[in-house]
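Derivation of every value follows stated rules applied to the coordinates shown; laboratory data play no part. In this text, all values refer to a predicted model and were calculated from it rather than measured experimentally. Cβ atoms come from the backbone with ideal geometry, glycine included; neighbour counts cover every protein chain shown.
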Amino acid sequence: MLSAAVPSPSARPSSAYSPSLTGWSRGHVVTHLARSADVYRWLLTLARTGTQPGPRADAVTLDRVLHEGAGRSGAELVADLRTSLDRLLDEAASMPAERWSTLVSALAGRRHPAWFTLHRCRRELETHHVDLSLGYTTACWPADYVARALDGTLTALAAQHFPVARIDAEDLGRSWALSATGPTVTGHSHALLAWLAGRGRDPRLRSDQPLPTPPRWPLPPEPGWS
C-alpha cells in the first residue's frame with residue numbers, strides 16, 4: 001500500500017524550492033512526510049493499545065519541527081523518512097485484525113477507522129513525491145492509488161455540491177454525477193486527480209464549460225465516520 005519510493009538524497013539539493021508548495025523547500029517536504037508518518041504511527045499505537053503513546057504533537061509544534069528539520073542534508077532527510085516509515089509499517093504489522101476498525105481522530109478533529117490511516121499516509125507519499133520535482137509526476141501515480149483517491153475525492157465533492165455536473169474518467173470507464181449544474185469534465189483518471197488535487201491542469205482535459213477551482217485538497221472522507 002505504501003508504495004511511493006523514497007527519493008535519492010543525491011538527486012537534487014534539499015534547499016531547492018517546491019513549485020507546488022509556496023515557501024517550502026524539498027527539505028520541508030521530506031521533513032513533513034517523516035513527521036506525518038510519526039503521527040500516523042501514534043494513531044495506530046493508540047488504536048492497538050487503547051492508550052495514548054505519549055503526548056500528541058499539536059499544529060504549532062509540528063510547524064516548528066518542520067522548519068527546524070528542513071535545512072538538513074539530503075542524506076539525513078532520507079534516512080529520517082525511511083526510519084519513520086519503517087516504524088509505521090512495523091506498528092501496522094503488529095495491529096490485531098479486530099483493532100483496525102477502532103476510530104481515531106485526525107488533528108483537525110475528524111474521526112476515521114485506524115485502517116484509513118494507511119490510506120492517508122499513502123496519499124501523502126504520492127502527492128508530495130510529485131511536489132519534490134525529481135522526475136516523479138502525476139502520470140507516475142499507480143493506477144490503483146489513482147482509482148481509489150479519485151473515487152474518494154469525487155464522493156466528497158458530490159456531498160459538497162461542487163459545481164461540476166459530471167466527471168468522466170475515460171481509462172476507467174467510470175462516471176460520477178456531482179451536481180445538477182456545471183460542466184462535464186472528461187479525461188484520463190491521472191489528469192483528473194491531478195487537477196482536483198491542485199497538482200496541475202492537463203490541457204487534454206475536456207470540458208463543455210469553464211472549470212471551477214477545486215477546494216483545498218485532500219477533502220474530509222465521505223461518508224464520514226463518527
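Rg and Dmax over the alpha-carbon atoms of segment 21-68 stand at 12.5, 39 Å.
Positive contributions from Lys and Arg (+1) and negative ones from Asp and Glu (-1), summed over other residues with Cβ under 12 Å from the Cβ of His112, come out at +2.
Derived scalar couplings between HN and Hα for segment 35-49 equal 6, 5, 4, 4, 5, 5, 5, 4, 5, 5, 5, 4, 5, 6, 9 Hz in order, rounded to whole Hz, by the Karplus curve 6.51 cos²θ - 1.76 cosθ + 1.60 (θ = phi - 60°), x for Gly and Pro. Packing order of peptides 162-174, 185-197, highest average first: 185-197, 162-174 (average count of other Cβ atoms within 10 Å over each peptide's residues). The helix-only estimate of mean residue ellipticity at 222 nm for the chain, built from DSSP H runs of length n ≥ 4 each weighted as -39500 (n - 2.57), is -14000 deg cm²/dmol after division by the residue total.
In this calculation the C-beta distance from Arg174 to Leu21 is compared with R0 = 41 Å, giving a FRET efficiency of 0.85. For the chain, the spherically averaged projection of the C-alpha convex hull amounts to 12.9 nm².
If the segment from Thr155 to Arg216 were pulled out straight at 0.36 nm per residue, it would be longer than the present Cα-Cα gap by 20.5 nm. Contact order for segment 87-226, expressed relative to its length and based on alpha carbon pairs under 8 Å spaced 6+ residues apart, stands at 20 percent.
When the trypsin sites (Lys or Arg not before Pro) in segment 58-101 are filtered for DSSP coil states and for at most 11 other beta-carbon atoms within 10 Å of their beta-carbon, no site remains.
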